[in-house]
Amino acid sequence: MRSGKPLQSWEHYQHQIAECDQQIELILQELTFNDTQVGGIGEKPKAKEKRPSPNAPQISGLHSMLIDLCQGKDLSILPAHTDYSVLQIISEVGTDLSKWSTEKHFTAWLGLAPGTSQSGKRKSNVKRSRSKVGRYFCIMARSLARSKDIALGGFYRRLAARRGGLMANIALARKLAAFFWRVMVKGTEFVEEGLAAYEAKCLEGKKRSLRRLAKELGQTVSPIPVTV
């Protein structure tokens, strides 16, 4: 008798979750129908295949409805952005992000940008409390920490080696939020450069710094000849 109670509880909660998913689907259908009435997007871009979250709502055509809500912008092209995470974010901030005049205003509102307090000539850092959406971006950033082919994964590991995992997570979350704002407000197309291109860019930056330091010291830098 005792073994049946956990199963009954699980089935009860699954039924409640399914009812919530149905209500979300009805609301999305109503919103996208209204958008179509005033000039919908029409043809939808091809959905990008990503592993769905186990907690994602079971809604048929969710990807297409989100594209319609976002005026034809496919947010799933961004790293770590899935249909579920996009749905969570726009449910909190809406689809009109122009109320934040710049990406800096947006990331500051999320609590992902460092705060400062100035009194006279003194400046000090102020700890910001992250909003609910800011925490969403932090969760999304963690999924990129071990990525082996994405430039942002290399950015996280490089910063974590110098400043620690917490600072690296917040910095990466800020980047994701800035990308989100750029796509929604500016319509910017995101292009993934890849980990190799990011590492090559970092190496070139180190070489420039080394040449600049050598110039200040009156020295020259020459590469070590490769011996075969």
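Of note:
- Only aspartates and glutamates eight or more places from K201 in sequence, or on another chain, were considered; those with a Cα closer than 13 Å are E193.
- Per-residue extension of 0.36 nm, minus the Cα-Cα distance of R208 and T102, leaves a gain of 35.1 nm for this segment.
- A cut-off under 13 angstrom between Cβ atoms defines the neighbours of I17, and their net charge, with Lys, Arg +1 and Asp, Glu -1, is -4.
- Qualifying aspartates and glutamates (Cα of each under 20 Å from Cα of K207; at least 8 residues distant if same chain): E199, E216
- Highest average first, the peptides 132-143, 19-30 ordered by how many other beta carbon atoms sit within 10 Å of their residues are 132-143, 19-30.
- Here each label is just a point 7 Å from Cα along the line to Cβ, and for W10 and S53 those points are 2.2 nm apart.
- Gain on full stretching of the segment that runs from S147 to A196 - 0.36 nm per residue minus C-alpha separation: 16.4 nm
The numbers here are math on the coordinates, done by the rules we state, and not lab data. Owing to the predicted nature of the structure, the values given are computational and were not obtained by experimental measurement. Using ideal geometry, Cβ is built from the backbone for each residue, glycine included, and neighbour counts are taken over all protein chains shown.
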